[in-house]
Amino acid sequence: MIPRQFIRASAPVFRRNAFNAPRVSALRFYSNFKAEEQPRIRIGSTAPNFQADTTQGKIDFHEFIGNNWVVLFSHPADFTPVCTTELGAFAKLAPEFKERGVKMIGLSTEGVESHNDWIKDIEEVATDGAKFGYPIIADASKEVAFKYDMVTEEDFANINSGMVATVRSVFIIDPAKKVRLIMTYPASTGRNSAEVLRVIDALQLADSKGIATPIDWSVGEDVIIPPSVSNEDAKAKFGEFNELKSYLRTTKSPID
Ligand code: BEZ
């Protein structure tokens, strides 16, 4: 059922987007978001569910997650330069995400028609020939932007009165639908796709092998034995390890 605040109170209004981009098909929705009803998402929170239109059809987000890892990321607006490079980079990296059992899904507050037009541009200039394979949510109602707090202070103040440009949020969500990582970048700074993959590798290794990863870790490098593991158990589990301090022990990276 569509919540009351998302029911359109007037005929659709076709507008230009927040960056005066040339093609926009977002509908204006009259919303009634209340700050006190905004979910507080922390690491370990269940990812809020929603139903939405996307470039690959309607989804229920929890059904979309299914038994997979998911990267949900928002971008400020269609037909903007930084976003074009980001979405192209993620499209090129699709095989890497698939190998790790991760589904990607993007979002902005424009409509499906605008997203689909923009995808043609992205494929033309930013994917090195790769097909754009993941869905983009058309969050014209701003429900997802509100629930996941994907907005600036100023846009949050205006969220009930017009279109907002979402910030560059990244949520990594695990198959239990728990939020495992939250990153938020400002509109002017493109994200680092390699960092998103690095965190997924670190989280999946931590889950499967009970280790932690040090600063700037990347796949194959030594890992940290958590302080909760005794030396005796560490020896049994990991074999040799270095004890720099009683609380800082490193060992070769286990194979995932
Ligand atoms: C961009 O994606 O290019 C962009 C979006 C908002 C502000 C600045 C740049």
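The values are calculated or read from the model by the stated rules, or taken from the named source; none is laboratory data. The model shown is predicted, which means the values in this text are computed figures rather than measured ones. Because the Cβ atoms are built from the backbone with ideal geometry, glycine has one as well, and the counts that use them run over all protein chains shown. With ligands, DNA and RNA removed, areas are computed over all heavy atoms of the protein, side chains included. Shrake-Rupley method; radii C 1.70, N 1.55, O 1.52, S 1.80 Å.
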(message) I'm trying to understand the selection: among the residues of the stretch 75-96, which are closer than 14 Å to N192 by Cα and away from the ligand (no atom under 11 Å from the Cβ)?
(response) G88, A89, F90, A91, K92, L93
(request) Can you work out which of the residues in the stretch 97-109 that are over 24 Å from F146 (Cβ atoms) and not charged (D, E, K, R) is nearest to the ligand (Cβ to nearest atom)? (result) F97
(message) For the stretch 216-256, give me each residue that is among the hydrophobic types (A, V, I, L, M, F, W, C), over 22 Å from the mean Cα position of the chain (by Cα) and closer than 29 Å to V70 by Cα.
(response) V223, I224, I225, I255
(request) Mind listing whichever residues of the stretch 93-118 are of a type in the set (S, T, N, Q) and crowded, with 21+ Cβ neighbours inside 10 Å? (result) S108, T109, S114
(message) If I filter the stretch 141-190 down to residues being among the β-branched types (V, I, T), within 16 Å of the ligand (Cβ to nearest atom) and assigned to a strand (DSSP E or B), which single residue comes out as farthest from the chain's Cα centre (by Cα)?
(response) T184
(request) Just one of (1) under 28 Å from D155 (Cα atoms); (2) within 13 Å of the ligand (Cβ to nearest atom); (3) without any contact (Cβ under 8 Å) to a residue 60 or more places away in the chain trips up A126, so point out which. (result) (1)
(request) Quick one: which residue in K142, K178 is open to solvent by 50 Å² or more (accessible area, probe 1.4 Å) and touching a residue at least 24 places away in the same chain (Cβ under 8 Å)? (result) K178
(request) Could you tell me whether any residue of the stretch 157-166 is buried (at least 16 other Cβ atoms within 10 Å of the Cβ) and modelled with pLDDT of 95 or more? (result) no
(message) Quick test of your reading of the structure: K245 fulfils all but one of (1) out of contact with any helix residue (DSSP H, G or I) (no Cβ under 7 Å at 6 or more places or on another chain); (2) without any contact (Cβ under 8 Å) to a residue 24 or more places away in the chain; (3) within 16 Å of the ligand (Cβ to nearest atom). Name the failing condition by number.
(response) (3)
(request) Any residue in the stretch 63-77 that's in a loop (DSSP other than H, G, I, E, B): show its pairings with residues that are more than 16 Å from the ligand (Cβ to nearest atom) and open to solvent by 10 Å² or more (accessible area, probe 1.4 Å) at Cβ separation under 7 Å, as long as the two are six or more apart or on different chains. (result) N67/P175; N68/G101; N68/V102; N68/K103; N68/P175
(request) Within the stretch 214-226, count every residue that is open to solvent by less than 100 Å² (accessible area, probe 1.4 Å) and either not in a loop (DSSP other than H, G, I, E, B) or not hydrophobic (A, V, I, L, M, F, W, C) (or both). (result) 9
(request) Confirm whether A202 is crowded, with 17+ Cβ neighbours inside 10 Å, within 26 Å of L87 (Cα to Cα), without any contact (Cβ under 8 Å) to a residue 40 or more places away in the chain and among the small types (G, A, S). (result) yes
(message) Taking the criterion of being surrounded by fewer than 17 Cβ atoms within 10 Å (Cβ to Cβ) and under 27 Å from Y247 (Cα atoms), would at least one residue in the stretch 188-196 satisfy it?
(response) yes
(request) May I ask you to list the residues in the stretch 119-145 that are of a type in the set (S, T, N, Q) and modelled with pLDDT under 95? (result) S141
(message) Anything in the stretch 71-93 that is among the aromatic types (F, W, Y) and over 18 Å from V112 (Cβ atoms)? List them, or say none.
(response) F90
(message) Considering only the stretch 229-248, I want to know if a residue exists there that is open to solvent by less than 40 Å² (accessible area, probe 1.4 Å) and assigned to a strand (DSSP E or B).
(response) no
(message) Looking at E153 and the list (1) open to solvent by less than 50 Å² (accessible area, probe 1.4 Å); (2) modelled with pLDDT under 95; (3) out of contact with any strand residue (DSSP E or B) (no Cβ under 9 Å at 6 or more places or on another chain); (4) closer than 16 Å to Q38 by Cβ, which single condition is not satisfied?
(response) (1)
